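Each value in this text was obtained by applying a stated rule to the coordinates, not by laboratory testing. These figures come from a predicted structure and were not determined experimentally. In this analysis, Cβ positions are derived from the backbone assuming ideal geometry, glycine residues included, and neighbour counts consider all displayed protein chains.
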Amino acid sequence: MPRDITYREAVREAMTQAMREDDSVFLMGEDVGVYGGAFGVSRGMIEEFGEERVVDTPLSEAGFVGLCIGTSLMGMRPIAEIQFSDFITHCMDQLVNQAAKLRYMFGGEAEVPLVLRTPGGAGTGAAAQHSQSLEDWFIHVPGLKVVMPSTPYDAKGLLLASLDDPNPVIFYEHKLLYNKKGDVPEEQYRIPVGEARISREGEDVTVVAAGLVHHHALEAADALSGEGVEAEVVDLRTLSPMDHETVRGSVEKTGKLVVVEEDVKTAGWGAEVISRIVESESFYALDRAPARVAGADTPIPYNKNLEAFIRPSPEKVIEAVRKLLDVKVGVYS
Amino acid sequence: MPRDITYREAVREAMTQAMREDDSVFLMGEDVGVYGGAFGVSRGMIEEFGEERVVDTPLSEAGFVGLCIGTSLMGMRPIAEIQFSDFITHCMDQLVNQAAKLRYMFGGEAEVPLVLRTPGGAGTGAAAQHSQSLEDWFIHVPGLKVVMPSTPYDAKGLLLASLDDPNPVIFYEHKLLYNKKGDVPEEQYRIPVGEARISREGEDVTVVAAGLVHHHALEAADALSGEGVEAEVVDLRTLSPMDHETVRGSVEKTGKLVVVEEDVKTAGWGAEVISRIVESESFYALDRAPARVAGADTPIPYNKNLEAFIRPSPEKVIEAVRKLLDVKVGVYS
Amino acid sequence: MNHKELLEKMLLIRAFDEKVNELYAEGKVHGTAHFYVGQEAVAVGVISALREGDVITSTHRGHGHAIAFGLDIDRMAAELLGKASGYCHGKGGSMHIADVKAGMLGANGIVGGSMGIACGAGWAFRRRGEEKVAVCFFGDGAVQEGIFNEALNLAAIWDLPVVFVCENNQYAMSKSVKTAFDTDTLSGRASGYGMPGVTVDGMSLLEVHEVASEAAELARRGGGPTLIEAITYRYLGHSKSDANLYRTREEIQQWRKRDPIAHFASELEKRGELQKDEWRELEHAARERIEEAFEKASEQPEPEPESALEDVYA
Amino acid sequence: MNHKELLEKMLLIRAFDEKVNELYAEGKVHGTAHFYVGQEAVAVGVISALREGDVITSTHRGHGHAIAFGLDIDRMAAELLGKASGYCHGKGGSMHIADVKAGMLGANGIVGGSMGIACGAGWAFRRRGEEKVAVCFFGDGAVQEGIFNEALNLAAIWDLPVVFVCENNQYAMSKSVKTAFDTDTLSGRASGYGMPGVTVDGMSLLEVHEVASEAAELARRGGGPTLIEAITYRYLGHSKSDANLYRTREEIQQWRKRDPIAHFASELEKRGELQKDEWRELEHAARERIEEAFEKASEQPEPEPESALEDVYA
Ligand SMILES: Cc1ncc(C[n+]2csc(CCOP(=O)(O)OP(=O)(O)O)c2C)c(N)n1
Ligand SMILES: Cc1ncc(C[n+]2csc(CCOP(=O)(O)OP(=O)(O)O)c2C)c(N)n1
Ligand SMILES: [Mg+2]
Ligand SMILES: [Mg+2]
């Protein structure tokens, strides 16, 4: 019997189960206590674990993330929550110059098992400073891992795996996914960090996505199926390390690649997905130019219609796939 | 008669000439005054302009960059210097959430003409926190421009153009270029922000680069010429907005693309150069899989040999081009 | 200083934010907003101490500052409704209302985000030899951020004409100042930077006005910055979604008894500057004005979707 | 506390950094380094107040802290020469020497970069109910950074067992504390966080030791953090390349007259704990020890180039 819970509850369940088992795990962030977090993810947790383990911090993103790094060097397993992923700009030094590099700079003689959870993405009308998708920055930083689950099931399994990981993991949630429901077993399970999943099989085109827009890809695939086009959808789930093998396998089968990403198109992670394909032997397996469906190269505007205009959508994915299949040019024309 | 000056002097000359002409231009940063900046770029300037226009700041990267943004809203033309580009992590909020977005969020009713100069890159044995190439982050931020000149001539012309630009510009210098000499006219001239340059013509392969590694590309091209391979070298000069047209023109001519970048390979800007080519019609003009020569996916190690091992070099460019030309597979095999 | 006009400003701010709260509750506005209700005496008290050409920076809770500074209610309402005629042409919304040319350098969605910017305005004034002042509004939450340290220090060492106004409304979202600080006042931080610090009753417009006038005067004369801590309270939730779990109903009621508008109105009555119950009429007028603004705004055209691609670069 | 051993530590630190300075001048070392010469009394005075199990965080100018904490000179020398047997196996160099297991949580190339980390160590101690202390060393320059504000506040509100030791050596690179601050002391910042602050003569090992002991004791007992400002001076340039344009030769000479080693040695002589001129012998021994360390280090093997690809992830 399926046990449907929300993405929010799945994240909470993973934290709760980890904290029950391991006293060194704790959650620290702004308003994570009685308020339950800006998006209610930790609601109820302070009642179970007390304010020493579900810790309301002052507005000091660099300070408390640094503190978490310190606890991790001392053998603890902190979970830091950054209230909106846009505010991660405040702790870039701690994440990039400290957490990501301490182990390497110390010649491998230290571990920094930190999980930093944060909700990314747009679609809430919160405008340019509360809607960004900046995960690409961290993919570009060796020493960090970047996880971005799209389903409640993956959220729980990946969060538990991230908490086991001896490395710093940036764990991207999405505001518009928090209410999404899905089947989630109550017992603990892990989904390995770094493994993509083929969420829909198909022969005609490979659509690679992650996070919220993975659902756009699936919706688009369903619609395209009505037109006789069977898309294979890959949910990356982890962005770093990137599971190139799964993408490769699919692209070599379909010969066509569309990447769907919510972040700004220019220098987004879709470019990395594409580059890994085209700079390898798989290049010769492509029979169409690959395509990206991404956020426009703009900040996120406030007005609903403007916001929708610049964001990826199932319709834009459908259009991109259609366009790609239509192309009758180049070597195959 | 050529007037050979160093890259350092070219940057200084651009600042000096702009400051002589326009009283609203000033330089602010750590140790830019009597010390002359960590790399001596502003040496002598405080003597000419005084400490109100060549301003030594406390160690407050967020504070003084924020201050510069404020002055730019008030109509001034600040130049902020971040001593090592790694410390830009401290002012990410000011650059990304403020400078880049104020104009957009305010509906176009403001301008933020800020130039932020900073030396990037490795090769000095300064290890992981003083050697990064993080320019890709800013290419991914709409509202910012990113400039990275490779020659003294371009440094001067691009800095003067950046100072004219009504938008925030991140101006990347390179520690290993400061002593490089080149012909630089004394009079003022501008090189438009956003225009690449073909620095060497060739028919066989297009090598796209920028900054220090542009010289690796040229060196490699010279060596390859001895083997009968004529590389066309494109110096991007500006990374954002990216001059795709110049790259496209060259790639459509040569059918082969190698990107040389100093930053970490994964999710570096080379991926964007490649993606723009392969997602356009130019895909069909490529007769080989494109390749990237980039920094390894590691922090920068201290030891000289280790550091050299993970960095791009002329030899690695030569090897990549050879490998690419050797490939006898795929649709053309 | 026309006292009645100041009362009207406060009433306008309150009516505006009560209306916005209502619209959110009805689901009629997109995004989120933060309400200034309860804190009106701070914005109006401080800004009434300014002169033509002075500037302010604001926060996520910025409607009060904007109205006190004289921004147009119609264009503010239009912005909240995402209209093309709004201050940001629909691109900014509540958290980014600005009128840079007029000297309102912007609301800011990042806590502490405008503290450096205010210093920059001060820097520009000083460099140009203009006797002008930049007021930097921020909450108790911003005092917890790193940039507070950097900005106050820069302003102090360079004697910048900046007045730092900390609105200590007891909470940063759910974080009470009692647990966020280990000191009784926040103005006590000032001495560590070598600048004057003063704590004032933020529910008293006249007291706020007085300390702000002194601070502005000092700054204008080249005497450098001041840190003002105004003790105040936000009556409503932090933003549209707030169950108020971190405080009690009683606490809110206690503070409401010290209401800055009622307090100022009765002061004016005592002084004979206001007829008895005249403020109820003014309140009514303010509400009408606000209703009218939102009605007009709702009839304004939406921006063209394609306009989303504009204004990224100048 | 064996005074002679403390003197030896100071001499070892000085000999180490004078040697490193020499190697750089000869172009024999890669990268850069920052010398602790002149500040020895701070590291040794503070660390001699610690107990087994206490930890420290350090800075870009970290050799002195590391040696005082008991790190192995041979492995430090090897790291500076980029050898596989160095503390970081050649990956870190001067600015990243660490021995996390021993409680030396690392030098740090980012000014202020380890202030949060020190709080984390304190947090771990408090959570585990261990009566241990984390000492956070930093310079006057770090006081200018945002994280200073955040870290001190967190430590204060949570009563973390952290001792903040600000080594005010008068300069952050070329920026003098006279122009970087508008106050006479930096310890004055402490009261703004509700923690004790004390300024001490950083050239006097015994005075430093005493205030550090008190602060450590307070922290250990659950009394929370202290901010210690140790007034000291760096004799050499900021790093290997520094023309010292921002200060005078006379100023350096004045400070050298108050040399912490000579001062402590003559104190010990007065007390009869040291024979007259015995410290010259100890100095000689320290130099020999350092020569030996660098000689041994120079014979160590280089790391394999491929090792550059390792240790990115655990
Ligand atoms: C850097 C940053 N961190 C967190 C937030 C989320 N946030 C918005 S307002 C707020 C509370 C701010 O408190 P305060 O500064 O006291 O202002 P108030 O809301 O009380 O007016 C928080 C946590 C933010 N916008 N920016
Ligand atoms: C965030 C940051 N900004 C700037 C620098 C460059 N830098 C290294 S040390 C230093 C001066 C530090 O001064 P202080 O903290 O007083 O320590 P000291 O060098 O005097 O020991 C500067 C500017 C840096 N490493 N990190
Ligand atoms: Mg508040
Ligand atoms: Mg110093």
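Values computed for the structure shown
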| item | result |
| --- | --- |
| 5 angstrom amide H check on residue B:25, placed H, neighbours 5+ away | B:77 |
| Karplus (6.51, -1.76, 1.60) ³J(HN,Hα), θ = phi - 60°, over the stretch A:54-70, in Hz, Gly and Pro reported as x | 10, 10, 6, 9, x, 6, 8, 4, 5, x, 7, 5, x, 4, 4, 4, x |
| Local net charge near residue C:143, Cβ-Cβ under 12 Å (Lys/Arg +1, Asp/Glu -1) | -3 |
| Reachable lysines, given that their alpha-carbon falls under 17 Å from the alpha-carbon of residue D:4 and they are not under 8 places away in the same chain | D:270, D:276 |
| Size of charge dipole - chain A - debye, nearest 20, with Cβ of Lys, Arg +1 and Asp, Glu -1, no other charges | 580 debye |
| Between the stretch A:1-56 and the stretch D:79-106, the alpha-carbon center distance in angstrom | 37 Å |
| Ratio of Rg to Rh over the protein assembly as shown (Cα coordinates, Kirkwood Rh, two decimals) | 0.96 |
| Intensity falloff of the stretch D:12-71 expressed as log10 I(q)/I(0), Debye formula with alpha-carbon point scatterers, at q = 0.14, 0.23, 0.30 Å⁻¹ | -0.40, -0.90, -1.29 |
| Chain B, helix-only ellipticity at 222 nm - DSSP H runs n ≥ 4, -39,500 (n - 2.57), divided by all residues, nearest 500 | -9500 deg cm²/dmol |
| Signed unit charges on C-beta, dipole axis of the protein assembly as shown, positive-most listed residue A:239, B:94, D:138 | D:138 |
| Proxy reagent accessibility, fewest Cβ within 10 Å first, across A:325, C:81, A:236 | A:325, C:81, A:236 |
| Dipole of the stretch D:161-314, positive end: most advanced residue of D:194, D:218, D:261 [Cβ charges, Cα centre] | D:194 |
| For residue D:278, inter-copy label distances in nm, listed shortest first [label point 7 Å out on the Cα-Cβ vector] | 8.9 |
| At 7 Å out from Cα toward Cβ: residue A:192 inter-copy label distances (nm, ascending) | 5.1 |
| Chain B: most fluctuating residue of B:206, B:254, B:57 per GNM, C-alpha cutoff 10 Å | B:57 |
| Size of electric dipole in the stretch C:148-296: Cβ of Lys, Arg +1 and of Asp, Glu -1, about Cα centre, debye, nearest 20 | 400 debye |
| Directionally averaged projected area (convex hull, Cα atoms, the stretch B:1-61), nm² | 4.7 nm² |
| Considering only the stretch B:2-185, percent of DSSP beta bridges that pair antiparallel, nearest 5 | 15 percent |
| Point-to-point label distance, residue C:291-residue D:245, nm (Cα→Cβ direction, 7 Å offset) | 6.9 nm |
| Distant-in-sequence amide H partners of residue A:293 (H built 1.01 Å from N, under 5 Å) | A:259, A:260, A:261 |
| FRET efficiency, residue D:130 to residue A:188 (Cβ-Cβ, R0 30 Å, nearest 0.05) | 0.50 |
| Proxy reagent accessibility, fewest Cβ within 10 Å first, across C:34, C:65 | C:34, C:65 |
| Rh (Kirkwood; distinct C-alpha pairs) - the stretch B:197-325, Å | 14.4 Å |
| Given charges at Cβ of Lys, Arg, Asp, Glu: the stretch C:3-297 dipole, positive-most of C:100, C:236, C:38 | C:100 |
| Ranking of C:16, B:84 by count of other Cβ atoms within 10 Å, fewest first | B:84, C:16 |
| Inter-copy spacing of residue C:296 label points, which lie 7 Å from Cα along Cα→Cβ, given in nm from shortest upward | 8.4 |
| Among C:249, C:234, C:75, residue whose mean-square fluctuation peaks in a GNM of chain C (springs only between Cα atoms under 10 Å) | C:249 |
| Fraction of beta bridges assigned by DSSP in the protein assembly as shown that are antiparallel (%, nearest 5) | 15 percent |
| ³J(HN,Hα), Karplus 6.51/-1.76/1.60, whole Hz, each residue of the stretch B:85-102, x for Gly, Pro | 5, 4, 7, 5, 4, 6, 10, 4, 5, 5, 6, 8, 8, 10, 3, 5, 10, 3 |
| Total formal charge among the other residues, if their Cβ is under 10 angstrom from that of residue D:228, Lys/Arg +1 and Asp/Glu -1 | -3 |
| Under 9 Å, Cβ to Cβ, from residue D:175 - net charge with Lys/Arg +1 and Asp/Glu -1 | -4 |
| Most fluctuating residue given options D:196, D:161, D:301, as computed from a GNM of chain D linking Cα atoms under 10 Å | D:301 |
| Antiparallel content of DSSP bridges confined to chain B, in %, to 5 | 20 percent |
| Chain D residue with Cβ closest to the axis mapping D onto C, distance in whole Å | D:146, 1 |
| Amide H within-cut-off set for residue A:33, under 5 Å, with H built and near neighbours excluded | A:56 |
| Net dipole in debye of the stretch A:197-325 [+1 Lys, Arg Cβ; -1 Asp, Glu Cβ; about Cα centre; nearest 20] | 280 debye |
| Helix runs (DSSP H) in chain D reaching 24 Å along axis by Cα, Kyte-Doolittle at least 0.5 | none |
